[in-house]
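The values are calculated or read from the model by the stated rules, or taken from the named source; none is laboratory data. Given the structure is predicted, the values throughout are model-derived calculations rather than measurements. Neighbour counts are summed over all protein chains in view; Cβ atoms, including those assigned to glycine, are modelled from backbone coordinates with ideal geometry.
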Amino acid sequence: MQAASTLAKTAQKIIPARFTAMAAGVAWRWRRFYDQALYRLTILYRRRLRNTVFVGITGSSGKTTAKDLIASILQRHLGNGRTNPGSLNWPMDMVRVILGTRRSHAYCVTEMSAHGPGAMDLPLALVRPTVGVVTHIGADHFTAFRSQDAIAQEKGKLISALPSDGIAVLNVDDPRVLAMRSLFSGRCVTYGVSGDAMLRGEAIQSVWPERLSLNATWQGDSVRVQTQLCGTHWASVVLAALASGVALGAPLAVAAQALASVEPFEGRMAPVSVDGITFIRDDWKAPLSTIAPAFEFMRQANAPRKVIVIGTISDYQGDSSRRYVEIAQMALAVADCVVFVGPRASAALRAERMAQHDLRAFASLPDAFAFLRAYLRPQDLVLLKGSHKADHLQRLIVARTADVKCWRSDCARLQSCDVCELLHVASGGQIPTATPEASSVAPELPPVLSKSRNEVRPPVMVIGLGNPDPGLADTPHNVGYRAVELLAQRLAIDWVSEGGLALVARGELHGAPVCLIKSMSPMNDLGPALLRLSQNFSFHATQCILVHDDLDLPIGTVRARMRGGDGGHRGVRSILQAFQDDKFRRVKIGVGQPQEHQSVIDYVLEPFSPQFRSAVDAAHHTAADRIVELIRQ
């Protein structure tokens, strides 16, 4: 009977899962069959469009803007045509734009993504471009390719695929792009600022509030080109569009006039004014290679105050913390206030501060909005630099005039927030009722008299991280509590409550006043509570030692650090955000990793297995020793 019951329970778990997997497999096969049929239909339909000029654009950046500029020129010169909408540049997007092209259309301009090895093959088979335009080769998608030469090889397929009577439009200022001439025996038109460029740009200017302008020269003719774009780094894209236009027979003056009315594409250095504040939205994507040009725009800009907001940076090599520090230093050199947002934001706090310059870091967008709402004033110029997929920084603008309730940090929707139907659906965090007022400048600390040496010394604040719930006493998340409790026993000092904020034990060690603290707030909300306590006790980050668990260290291992980021620990992140400072000394106690199929949350909130108790107890004593050593130092 028991065996039958066990078999029934097992069947209830396994059979639905199998049927679900089978259904998913069938759906996947039908979807693949449907897609393949559409691809074949598109290839056949493309053959009928013999009189339409198909322009393919690729490059590490500038594709969407180049597409819009080229389409504007060709519309004025040739008449009606088609382009892929927005930045939709995947194969199925090619299918839609091609099947929507009619024989009466004079042109079809498409941008093509080379996001990984082989990514260009299918789009090229669908579009069969007669004109190929390459902007430049950067480090976008470096993770997929591992080298810029490999990126250039993939994007070079566009030039290799051109027919013999086609046209290659190449950037003479980028050696990897210029080298693509060897892939094509037909007509090649080059552009750039080099004297060797067939379409050459000179006298490039873009100092906010003025927009980008330049002189363009083609076959002895020269014209002044005025655009609506922001930043000199768009000059190469403008020249690519002009070169494409004149290569297809458009007079240089006509091509230049066509560019004058093209607005910056959304999220690509696009200005938006709200409440007298100008936001420069460069928040569509943020590979490392695009940081310096955006900062240079801010450096040259004319504005009473300049603010830079930075979200998620991508496509870089090396340690992420070091990169964020470097970016923070670059930003502080050109802006009055720099705000980092996201899970890696606290790493930026290690950057050296500059006089009269403010550096802030917030783990969540609502907290950043609360700060900016109080900080910004009319005539400020604010650069938003981040990833639309990861950050959706646009909400910092939308929330100034609309009731934004969606503050998700994991939304992958590739659409504008102001037209999203989820904008007013509560999700994620909410805007704090009180604006974060923490400053990197610490409050004045009243002197404390050391009894043993009869000298004035500031107290050392030893903060054990943990959860106050008694049921969580022996869990990985509470090893910080246990370590400071052990130290209190050694010093023979008692715990007293401080206004419900924390339990505090005061004593003296090696001639230094010591204050042991166990916050009574939940782990993820430690920061605000500890900040209030610091205001009551008048202490700052450099006086503190944080004692906490670390998933990246084996169970029983103890490490001490003088400062650092949050390492993914949400309690530490909350503290760094509240104090806007990372100069907390650390004692980290290793608690190991969760078992397979066990979530991190479940692991850190469950008691240690009996097999690890002795190692954990020993780690508590070692941690107490490390605290003593830090106080002695």
**Study point:** Verdict on R305 being more than 19 Å from the chain's Cα centre (by Cα), within 20 Å of V404 (Cβ to Cβ) and of a type outside the set (F, W, Y)
**Key:** no
Review point. Going through the range 364-423 one residue at a time, which ones are surrounded by 15 or more Cβ atoms within 10 Å (Cβ to Cβ), under 21 Å from S273 (Cβ atoms) and among the hydroxyl-bearing types (S, T, Y)?
Key: Y375, S416
Practice item. Sort out which residues of the range 596-627 are in contact with a Leu (Cβ under 8 Å, 6 or more places away or on another chain), surrounded by fewer than 16 Cβ atoms within 10 Å (Cβ to Cβ) and under 30 Å from Q543 (Cβ atoms), and write them in order of number. Key: H621
Point to revise | Breaking point among (1) assigned to a loop (DSSP other than H, G, I, E, B); (2) closer than 28 Å to R457 by Cβ; (3) in contact with a Ser or Thr (Cβ under 6 Å, 6 or more places away or on another chain); (4) of a type in the set (G, A, S), for G527 | key: (1)
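This table checks each residue for (1) modelled with pLDDT of 80 or more; (2) of a type in the set (G, A, S).
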site	(1), (2)
P436	no, no
S450	no, yes
G464	yes, yes
N478	yes, no
V484	yes, no
A488	yes, yes
L491	yes, no
Check your understanding: Going by the structure shown, is A618 in contact with a Gly (Cβ under 8 Å, 6 or more places away or on another chain) and modelled with pLDDT of 90 or more?
Key -> yes
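Being out of contact with any His (no Cβ under 8 Å at 6 or more places or on another chain) and crowded, with 23+ Cβ neighbours inside 10 Å is the requirement here; does R585 meet it?
Answer is yes for this residue.
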Exercise for review: Determine which single condition M94 fails, assuming it passes every other condition in (1) surrounded by 21 or more Cβ atoms within 10 Å (Cβ to Cβ); (2) not assigned by TED's automatic domain parsing to the domain that holds V237.
Suggested key: (2)
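Conditions (1) buried (at least 23 other Cβ atoms within 10 Å of the Cβ); (2) not aromatic (F, W, Y), marked per residue:
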| residue | (1), (2) |
| --- | --- |
| A106 | no, yes |
| M112 | yes, yes |
| H115 | no, yes |
| G118 | no, yes |
| P123 | yes, yes |
| A139 | no, yes |
| E154 | no, yes |
| L162 | yes, yes |
| F184 | no, no |
Exercise for review: Quick one: A292 ticks every box in (1) outside any strand (DSSP E or B); (2) out of contact with any His (no Cβ under 6 Å at 6 or more places or on another chain); (3) surrounded by 21 or more Cβ atoms within 10 Å (Cβ to Cβ) except a single one, so which number is it?
Suggested key: (3)
Exercise for review: Take the residues in the range 71-80 that are in contact with a strand residue (DSSP E or B) (Cβ under 8 Å, 6 or more places away or on another chain) and surrounded by fewer than 20 Cβ atoms within 10 Å (Cβ to Cβ), then tell me which one is nearest to H115 (Cα to Cα).
Suggested key: Q75
**Study point:** Matching option when the condition is surrounded by fewer than 21 Cβ atoms within 10 Å (Cβ to Cβ), among the hydrophobic types (A, V, I, L, M, F, W, C) and within 24 Å of I204 (Cβ to Cβ), among A286, A303
**Key:** A303
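Results for (1) assigned by TED's automatic domain parsing to the domain that holds K67; (2) more than 27 Å from D315 (Cβ to Cβ); (3) out of contact with any Lys or Arg (no Cβ under 6 Å at 6 or more places or on another chain); (4) not in a strand (DSSP E or B), shown as yes or no for each residue.
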| position | (1), (2), (3), (4) |
| --- | --- |
| R176 | yes, no, yes, yes |
| A179 | yes, no, yes, yes |
| C188 | yes, yes, no, no |
| V225 | yes, yes, yes, no |
| W234 | yes, no, yes, yes |
| V237 | yes, no, yes, yes |
| L242 | yes, yes, yes, yes |
| G245 | yes, yes, yes, yes |
Study note, to complete from the structure: D336 vs (1) under 21 Å from S273 (Cβ atoms); (2) within 20 Å of the chain's Cα centre (by Cα): all pass except (2)
Check your understanding: Among the numbered criteria (1) modelled with pLDDT of 95 or more; (2) within 23 Å of A292 (Cβ to Cβ); (3) not assigned by TED's automatic domain parsing to the domain that holds D165, which single criterion is violated by P264?
Key -> (1)
Review point. Does A502 satisfy being modelled with pLDDT under 70, buried (at least 16 other Cβ atoms within 10 Å of the Cβ) and in contact with a Ser or Thr (Cβ under 9 Å, 6 or more places away or on another chain)?
Key: no
